[in-house]
């Protein structure tokens, strides 16, 4: 452990192994913590998805990474002893962060929190604390609303789990007096408080990113006969509006509307009428999408999330360009930001958007208006260091009872190492 003070971060999986928004945030936060003089200790469950028997055995262990390196897999007693051993070596925890409780045994989480009398922060990366279907899409189809889960509302949905809400609330109630909830946007706060209104005084808004630097807006209107460039960004997921985008491309082709439909990201099966521009943050770096947007000189970005986004990294990347944004009212922080920043249009549904795109002269006027409006644009995105301000590195911490002898489970460690090797080889 590099530092004498550390933060405990609980999440659903090893954040080093995935490329989603949650994992990106955790990588950036651990770097911030390191610069601020704090080590990051991540705790996560280990599931194989191969064997129920093996999963039952492994579910009793916490995976532990310290400053980005695997430290091993520990049961509850061994983890307590590990923390005691660190304490005797002068290493002191200052905070517990709950990033995603999916896959975690909630009773075990509650016991752990009770054993560790530290400040607790819950981060609303998604709505997993509201429903196991963290996107809040009823049967994967449409936003189910911000009302709390209930039999009246949720019966008929495959994600309806009556016990989920009770167990999550038990976790939150166990730390109510030392809990702070971090929402990355006004939309995330609004939706989450629909289920937990009694925690309103515990919620603060801290966006994940902030802008830095500036650059001139170099937009110049296209020739009247030029195609309007309309882009879908990132993974081609249904909940991100991919099927709507495909239908729009087909309609535009049939009507011979002057649009160039592009997909900036990776796609397994190319779609006729949609030009793919491969973009990979793995191969091209974390700013790959920003560079691709600028290079392709996109006119309109299609951000049609069917679920209320708590934040949306790709939205923030779009705001560094002068592209016009189109979205729907259920897209959460996307819709709020488009309206607040006057960065584009919010359409009631696909039919309204399709009708709008058919009025090509109006679209051209809007594109010129939105794209030429700012004289300067932000240059880059950087992690928001406001998250460090609330860390209390001076609070006293009483070590839990324990022998200080911490032994990781060798079988779990071996299996996890094997899983990592298969992952690097491209196997599931």
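Read-outs throughout are calculated quantities, based only on the coordinates presented, and are distinct from any laboratory measurement. Worth saying up front: this structure is predicted, and the values here are computed from it rather than measured. Don't worry about glycine lacking a Cβ; one is built from the backbone with ideal geometry, like all the others, and counts go over all protein chains shown.
Taking every alpha-carbon pair under 8 Å whose residues sit at least 6 apart, the chain reaches a relative contact order of 18 percent.
Relative to the longest principal axis of the Cα atoms of the chain, helix 360-372 runs at roughly 50 degrees. Peptides 352-361, 125-134 ranked from most to least packed, by the mean per-residue count of other Cβ atoms within 10 Å: 125-134, 352-361.
Taken over the Cα atoms of segment 214-382, the convex hull encloses 110 Å³ per residue. Note on segment 106-157: the C-alpha convex hull projects to 4.8 nm² when averaged across all orientations. DSSP assigns beta bridges within segment 214-382; of those with both partners inside it, close to 15 percent run antiparallel. The C-alpha atoms of the chain define a longest principal axis, and helix 410-424 lies at about 20 degrees to it. Considering all C-alpha pairs of the chain, those separated by over 34 Å amount to 38%. Dividing the helix sum by the residues of the chain, where each DSSP H run of 4 or more adds -39500 (n - 2.57), gives a mean residue ellipticity at 222 nm of -10500 deg cm²/dmol. Annotation: the residues 256, 240, sorted from fewest to most other C-beta atoms within 10 Å of their own C-beta, follow the order 256, 240. Here segment 70-173 is treated as a sphere whose radius is the Kirkwood value from Cα pairs; by Stokes-Einstein at 4 °C and 1.567 mPa s it diffuses with a coefficient of 82 µm²/s.
Would you mind telling me the antiparallel percentage of the DSSP bridges in the chain, rounded to 5? Roughly 30 percent of the DSSP beta bridges within the chain come out antiparallel.
In whole angstrom, segment 171-253 maps to an equivalent ellipsoid with semi-axes of 41, 21, 10, each derived as √(5λ) from the alpha carbon gyration tensor and ordered largest first. In degrees from 0 to 90, rounded to the nearest 10, what is the angle of the helix 21-35 Cα long axis to the longest principal axis of the chain? With rounding to tens, the tilt is 60 degrees. Note: relative contact order over segment 214-382, using C-alpha pairs below 8 Å and six or more positions apart, is 25 percent.
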